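The values are calculated or read from the model by the stated rules, or taken from the named source; none is laboratory data. As the structure is a computational prediction, the values presented were derived from the model and not from experiment. Methodologically, a virtual Cβ is constructed for each residue, glycine included, from the backbone with ideal geometry; neighbour enumeration extends over all protein chains shown.
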Amino acid sequence: MSLIVDIRKGLGPTSLHAAFTVAAGEPLALLGPSGSGKSVTLKCIAGILRPDEGHIELDGMTLFDSAGHIDLPPQRRQVGYLFQQYALFPHMTVEQNIAAALPDRARREKELPELLRRFRLEGVSRQKPRTLSGGEQQRAALARLLASHPRCILLDEPLSALDAPLRAQLELELQTALEDFSGPMVWVTHDRGEAWRNCREVCVIHHGRTRPPRAKEDLFRAPRDLVEAQMGGVENVFEGVKTSNSVQLPQLGLTLPLPSAPSQPPPSAPPSPSAYSEKADEKPGKSGDIFGDSLSKSPVFVAFRAAALRPAAPGESAFPCEIIRIIDDLDGISVLLRPKSSEKDPPPLRMKLPHSPPSSVLSPPQSLVPQGFAPSDRQSGRLAPADAGTPPPAAPSSSVFSPPRSLVPQGFAVGQELRVALAGEDIFLFEKGDISL
Amino acid sequence: MDWFPLCNSLRISAISTVAVFFLGLWAAQEIARLPRLAKGALDVVLTLPLVLPPTVMGWLLLLLMGPNRPLGAFVGEVFGLRLVMQWWSAVFATIAVSFPLMYRTARGAFEAFDPALGDAGRTLGRSDLWVFWRVKLPCCRQGVLAGAVLAFARALGEYGATSMVAGYTPGRTATVSTTVYQLWRTGDDAGALRWVLVNIALSACFLLAVNLLEERERRAGRRRQG
C-alpha cells in the first residue's frame, strides 16, 4: 500500500513539480511556506485539480497518468481530503453530513451510529456545523471522511487556522483519530513543529519543487540544501566562498574554519584554533589554505543555527562582534550581532541563549547557568554562589550575586562587544546553484 | 370587473419564471467554468436584454418568430401553428427580458459559494449532480430565490416586447400592462386606475419578498464568515 506521486503543473509564473512516495502507515509531512504549491499538490492527488502531466498511483491503481490518458474523477479515487476549514455542509446537520458519505442505506444504518459514538458526536448529531465547537467540527469532518472509507488521507493544513490552545487540543484529537488508519497519509503544513510531532518523513516543497522525502531527524539535523535549512529553522544563512578547509563570508568579513571532511562534518573534526580571521582587511584564503588559489574556490551558502553560536571562553579562538539588538523571546534570548570585521550594514548574525536565570515556567537551564543553581534554589529566595570557584565565563560572576531583574544574562547589552565562537562541525554548506538569498 | 388580464399575466409570468429559473441556473453554472474571454463575451450577450429597450427585444423576437420569418415559417408549416399573437407568445417575450435578472443573481450567489464544499462532496464519492442540487443550491438558496422572484416581478411588469409579439386581444392575449395602456388610450381613466392599483400592490409584494430574501442571505453570509 503506497501512494506514488510525480506530477507537473503550470502555476501562473512558476510551475509545480512534485515527486514523492508515501508508504502506508508512515505519514509524510509536506512542509513548505505558503504559496509553495502544497495545497495544489494535494488537490491534484484528490482529483480536484488536474496536473498538466505526470503520474499518480495509489495501491497499484493509477489515478492519473497523462501518457495513458487516465484521469479518474475524485469520486472514484477514494482519497479522503480534510479541508482546512473542514468544509462541513453548513445546511446539513452533523448526522446528515456524515450520511452524505454513506449513500448506501444498509451501510448507513450500520455505520452512522458507530461513527457518532466513536467521535463523541451523539449529543450534537442533530445540530448544524456552525453551532459546534472547533473540536466537534473537526471530529465531524473526520467522521465524515472516514465514513467514505478512503484508501489514502490528505490533510490540508488542518490546524493552521486555529488559536494556540485549541490547536494543541485538536492536534491531539487528530492524532488519536488517525492512529488506526493504515493507508498512506499526507499532512500539509508550514509549521515545522507540527511536521516533527506528527510525521516520520518530511518532504520539503519550495517554489513548487519538492525535495526527496527524508526522515525528519535527518532533515532537521543535517539539511541538504538551502531550502531544507530554511524550512528546518536554521537562522543564519549567508553567501560565502568555500576554499579547501575554510569558508569566507564576504558580507561579514569572516573566514570560518571547516572540519577536514568538508561537506557533512564528522563530529571528530575540531576547529583549528588559529583559523578565525579577526581582521576585515585580511586577504581571503590566507588562513590555513595551503593552496590559496582561486581555482579551489566555489560559491556556497553557509548556514548555521543560532544555537550553535556561543560566547567564547577566554583564550578560545573567536571573532569579536558588537551586540546590536537583544530580543527576549519565550524560549530564550536572541542576540543580534554585527561582526567587527564587517563593512557597511551586513545582515545580522543571530545567536540564541537560554534565559538567565532560568525561568521555571520556560525552558530548562542549559549551558549559561552556573552549576549548582536549580529552579528550586531561586524559588526559595536563596541566592548562593556555586561551589566551584570560577563560574563559567558566559555567566559573569556578578550575575550570581545581584538579584535578577531581567532574563537577559548580565553582561549582554546593546553596543557591547562580545567574542563569539562557532564550531566548524556546526556549519552547513550548500551548493549555490542558481538560487539567491 | 373582468379578471382575465390578471390571470393571463400571472400564468405567463409563472411559466416564464420556471423556464428562466432552470435556464438561469444552468447558464450561471456553466459560464463560470468557461475561459475568461468566452465568459466575458457571453456575459455581455446574456445581460444585454436587461438594458435594451423591450421594444428592441420585441422586434428581435418578431424577426425570429414572425409568420414569414425562419422559425415562425418552419413551425407554421410543420405544426400549423402561429408563434405570435397567442397568449403564450408573451412567454417568449418575458423569458427574454427576465432571464438576465435570474442569471446575474444566481451567478452572484454561486460566486460566493465556497468551492471547498463542492470538492468535499466529490471526494466523498457523490456525483456532480448530487453536489449541485444537494449542496450548492441549498447553500445559495436565498440568492437563487431572490433571482427567481425578481424575474417573476419583471415578467409581470413586462409591456413592450409583450405587446409586440402577443398584441392586445381582450379575453385572449390581454395582460395587466397592455390593459392599462388600452384603457388609458380609450379614455377609461377609472378602469386604468383599478389595474394600476392592482399592479402596484402585486409588485410591492414581490419586491418586499426580494428584500426579505436578500436580508436573510446577508445574515447567513455574516454567520458563515464567523
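State the number of residues belonging to segment A:333-355 that are more than 19 Å from A:Ala303 (Cβ to Cβ), under 22 Å from the mean Cα position of the chain (by Cα) and part of a loop (DSSP other than H, G, I, E, B).
Residues flagged as more than 19 Å from A:Ala303 (Cβ to Cβ), under 22 Å from the mean Cα position of the chain (by Cα) and part of a loop (DSSP other than H, G, I, E, B) within segment A:333-355 amount to 1.
Here is a check on your reading of the model: is A:Ala46 among the hydrophobic types (A, V, I, L, M, F, W, C), within 8 Å of chain B (Cβ to nearest Cβ) and over 19 Å from A:Leu16 (Cβ atoms)?
no
Could you please find all residues in segment B:53-80 being under 21 Å from B:Ala19 (Cα atoms) and out of contact with any Asp or Glu (no Cβ under 8 Å at 6 or more places or on another chain)?
Passing the criteria: B:Met57, B:Gly58, B:Leu60, B:Leu61, B:Leu62, B:Leu64, B:Met65, B:Leu71, B:Gly72, B:Val75.
Regarding B:Arg185, is this residue surrounded by fewer than 14 Cβ atoms within 10 Å (Cβ to Cβ) and closer than 18 Å to B:Ala14 by Cα?
No; evaluated as a whole, the condition is false for this residue.
So A:Phe181 ticks every box in (1) crowded, with 20+ Cβ neighbours inside 10 Å; (2) hydrophobic (A, V, I, L, M, F, W, C); (3) not in a helix (DSSP H, G or I) but one. Which box is left unticked?
So A:Phe181 meets the others, but not (1).
For segment B:43-130, please list each of the helices (runs of 4 or more DSSP H) lying entirely inside it that holds at least 2 residues being out of contact with any Leu (no Cβ under 7 Å at 6 or more places or on another chain) and more than 14 Å from every other protein chain (Cβ to nearest Cβ).
The qualifying helices (runs of 4 or more DSSP H) are B:54-65, B:70-79, B:89-111.
Since B:Val78 meets every condition but one in (1) farther than 25 Å from B:Ala174 by Cα; (2) under 22 Å from the mean Cα position of the chain (by Cα), which condition does it not meet?
Against the list (1) farther than 25 Å from B:Ala174 by Cα; (2) under 22 Å from the mean Cα position of the chain (by Cα), B:Val78 comes up short only on (2).
Sort through A:Gln84, A:Gln96 and tell me the only one that's touching a strand residue (DSSP E or B) at 6+ places or on another chain (Cβ under 8 Å) and either closer than 26 Å to A:Ala161 by Cα or away from chain B (no Cβ under 14 Å) (or both).
Result of the check over A:Gln84, A:Gln96: A:Gln84.
Tell me the residue from A:Leu159, A:Leu172 that is part of a loop (DSSP other than H, G, I, E, B), more than 12 Å from every other protein chain (Cβ to nearest Cβ) and within 27 Å of the chain's Cα centre (by Cα), please.
A:Leu159
Taking A:Pro299 and the conditions (1) at pLDDT 85 or above; (2) surrounded by 12 or more Cβ atoms within 10 Å (Cβ to Cβ), which numbered condition does it fall short on, given that it satisfies the others?
It fails just one condition, (2).
Kindly indicate which of B:Tyr159, B:Tyr168 is surrounded by fewer than 22 Cβ atoms within 10 Å (Cβ to Cβ), over 17 Å from the mean Cα position of the chain (by Cα) and more than 14 Å from chain A (Cβ to nearest Cβ).
Answer to the selection: B:Tyr168.
Collect the residues in segment B:127-150 that are modelled with pLDDT of 95 or more, farther than 15 Å from A:Pro90 by Cβ and crowded, with 18+ Cβ neighbours inside 10 Å, keeping them in residue-number order.
Within segment B:127-150, no residue meets the criteria.
Give A:Glu322, A:Glu316, A:Glu282 a once-over and let me know the one that is modelled with pLDDT under 50 and not polar (S, T, N, Q).
After applying the criteria, what remains is A:Glu282.
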